[in-house]
Amino acid sequence: MKLPPNVIIPDDKLSKYLLLYKEKNDKSKFLAQAGFTQNNPDELKLAIYQLISIVEPIEDLTNEYGTFYRIEGDLIGVNQRNLSVVTIWLKRKIDNQFQFVTLKPKKGE
């Protein structure tokens, strides 16, 4: 099973969270290594779409909001540098729609 092509990836999740520098749990420096910045959030979105089109999700847990899935793999950067990541997705209980939750560096590689 692959995620459907109509997944929801909120623009604010990219531009106001992942690509915005934060004192704690910053991901912007990690993503910048592959050329992803606040100037090109659409490139990050495209890289995420590419990842989910080739890697199958792994079911994690279910709660009152729905079922969470994990997709691990490489994001291909703007500068062709690959980043090993874990993406988290929620299949929402209310409408069965898949929504992007977050992305983090994959540890241990």
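The values are calculated or read from the model by the stated rules, or taken from the named source; none is laboratory data. Nothing here was measured: the structure is a model prediction, and the numbers come from that model. Cβ placement follows ideal geometry from the backbone for every residue including glycine, while neighbour counts extend to all protein chains displayed. These area figures cover heavy atoms from the full protein model, side chains too; ligands, DNA and RNA do not enter into them. Shrake-Rupley method; radii C 1.70, N 1.55, O 1.52, S 1.80 Å.
A few remarks follow.
- Put simply, when 70-79, 54-63 are sorted by average Cβ atoms within 10 angstrom per residue, most first, you get 70-79, 54-63.
- Viscosity 0.692 mPa s, 37 °C: Kirkwood-radius Stokes-Einstein D of the chain over Cα pairs, µm²/s: 232 µm²/s
- Residue by residue, region 3-13 carries 3J(HN,Hα) couplings of 5, x, x, 9, 4, 9, 10, x, 4, 4, 5 Hz when phi is fed to the Karplus relation 6.51 cos²θ - 1.76 cosθ + 1.60 (θ = phi - 60°); x denotes Gly or Pro.
- In the context of the full set of protein chains, residues of region 1-74 present 60 Å² of accessible surface per residue (probe radius 1.4 Å, heavy atoms only).
- For region 1-51, trypsin sites (Lys or Arg not before Pro) meeting the loop criterion (DSSP other than H, G, I, E, B) and having at most 11 other Cβ atoms within 10 Å: LYS2, LYS22, LYS24.
- Loop-located trypsin sites (Lys or Arg not before Pro) in region 72-109 whose Cβ has at most 14 other Cβ within 10 Å (DSSP): ARG81, LYS93, LYS106, LYS107
- Solvent-accessible area of the chain (1.4 angstrom probe, protein heavy atoms only): carbon and sulfur portion equals 50 percent.
- 0 to 90° range, to nearest 10: angle between helix 41-54 axis and the chain longest Cα axis: 50 degrees
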